[in-house]
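The values are calculated or read from the model by the stated rules, or taken from the named source; none is laboratory data. As the structure is a computational prediction, the values presented were derived from the model and not from experiment. Please note: Cβ atoms are built from the backbone with ideal geometry, for glycine as well, and neighbour counts cover all protein chains shown. When the accessible area is computed, the model is the full protein with side chains, heavy atoms only, and any ligands, DNA or RNA have been set aside. Shrake-Rupley method; radii C 1.70, N 1.55, O 1.52, S 1.80 Å.
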Amino acid sequence: MLKLLAILLLGYFLGGIPFGLLIGRLTRGIDVRRYGSGRIGFANVLRTCGVKAGILTFTADVGKGVVAVLAGRFIFGGGVEMLWGMPVDSQVAQAVAGVAAIIGHCWSPYIRFDGGRGVDPALGGLFAMVPWAGAGCLAVGWAVILSTRYVSLGSMLGTFSSVVILAPFAALGQQPPEFVIYGALATAIVVFKHRENIQRLLSGTERRLGEKGERR
């Protein structure tokens with residue numbers, strides 16, 4: 001129980017580090033929350049601060065997910081423990097750490113529970129769990145972004161593809177079902193955080209990749 005709680009808290013507070021906000025201030029001296037979508041993730045930093053700042057933000061936010069899951073795996077170790085009569089193993093611990101990092105990124109304790117939309121730490125967590133599945137989701141996401149120039153659409157479909165990719169392997173017993181549940185929870189959070197984007201996509205007013213973020 002204590003190990004799982006430590007993993008959850010570590011994932012949350014690690015995921016909450018607002019790298020996009022910090023990078024915006026260091027590179028351009030601005031608060032990226034005052035521009036464009038008002039978010040601190042890759043897309044808004046890219047629009048407001050440029051390519052280098054965007055890539056730094058993407059790398060740092062993906063890294064949060066990777067480190068959270070690896071830390072969860074290390075802290076829990078091997079074996080199985082019982083929690084409220086249910087078995088908990090390393091796969092559960094990794095999924096908990098990954099989801100906690102996504103929640104921390106979306107509702108950061110460092111910036112009054114504001115944050116991003118969870119896409120990059122979700123991708124990082126998946127990379128740490130199943131690297132080839134993470135690569136597949138990244139490919140799907142960027143294929144959609146490059147073909148439509150909608151970052152939001154690529155982000156949602158890329159995250160959802162984790163479930164599509166992993167579910168058949170879990171059904172065959174080749175991947176833990178906990179990782180599919182992780183993908184489903186990540187997708188639910190990412191779609192929830194993109195609900196305004198979904199409305200703009202439906203109305204045809206969503207910003208495309210390359211369009212500058214205006215001051216709010």
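General observations
- Sole exception among (1) at pLDDT 95 or above; (2) open to solvent by less than 50 Å² (accessible area, probe 1.4 Å) for Glu206, by number: (1)
- Residues that are at pLDDT 90 or above, out of contact with any Asp or Glu (no Cβ under 9 Å at 6 or more places or on another chain) and crowded, with 21+ Cβ neighbours inside 10 Å, drawn from segment 24-45: Val32, Asn44, Val45
- Filtered by the rule that a residue be touching a strand residue (DSSP E or B) at 6+ places or on another chain (Cβ under 9 Å), open to solvent by less than 10 Å² (accessible area, probe 1.4 Å) and either assigned to a helix (DSSP H, G or I) or within 14 Å of Val190 (Cα to Cα) (or both), segment 107-124 gives Gly115, Gly116.
- Boolean, Ala60 is out of contact with any Asp or Glu (no Cβ under 9 Å at 6 or more places or on another chain) and open to solvent by 10 Å² or more (accessible area, probe 1.4 Å): no
- Phe127 satisfies every condition listed in (1) in contact (Cβ under 8 Å) with a residue 40 or more places away in the chain; (2) open to solvent by 50 Å² or more (accessible area, probe 1.4 Å); (3) within 17 Å of Gly20 (Cα to Cα) except (3).
- Within segment 60-76, being more than 13 Å from the chain's Cα centre (by Cα) and in contact (Cβ under 8 Å) with a residue 60 or more places away in the chain holds for Ala71, Gly72, Ile75, Phe76.
- Among (1) of a type in the set (Ser, Thr, Tyr); (2) in a helix (DSSP H, G or I); (3) without any contact (Cβ under 8 Å) to a residue 60 or more places away in the chain, the one test that Thr205 misses: (2)
- Filtering segment 33-45 to residues that are in contact with a Gly (Cβ under 6 Å, 6 or more places away or on another chain) and either of a type in the set (D, E, K, R) or in contact (Cβ under 8 Å) with a residue 40 or more places away in the chain (or both) leaves Tyr35, Gly36, Arg39, Ile40, Gly41, Phe42, Asn44.
- In segment 163-185, the residues that are without any contact (Cβ under 8 Å) to a residue 40 or more places away in the chain, in contact with a helix residue (DSSP H, G or I) (Cβ under 6 Å, 6 or more places away or on another chain) and open to solvent by less than 70 Å² (accessible area, probe 1.4 Å): Val163, Ile165, Leu166, Ala167, Ala170, Val180, Ala184
- Subset of segment 65-86 (residues that are open to solvent by 40 Å² or more (accessible area, probe 1.4 Å), in a strand (DSSP E or B) and among the hydrophobic types (A, V, I, L, M, F, W, C)): Met82, Met86
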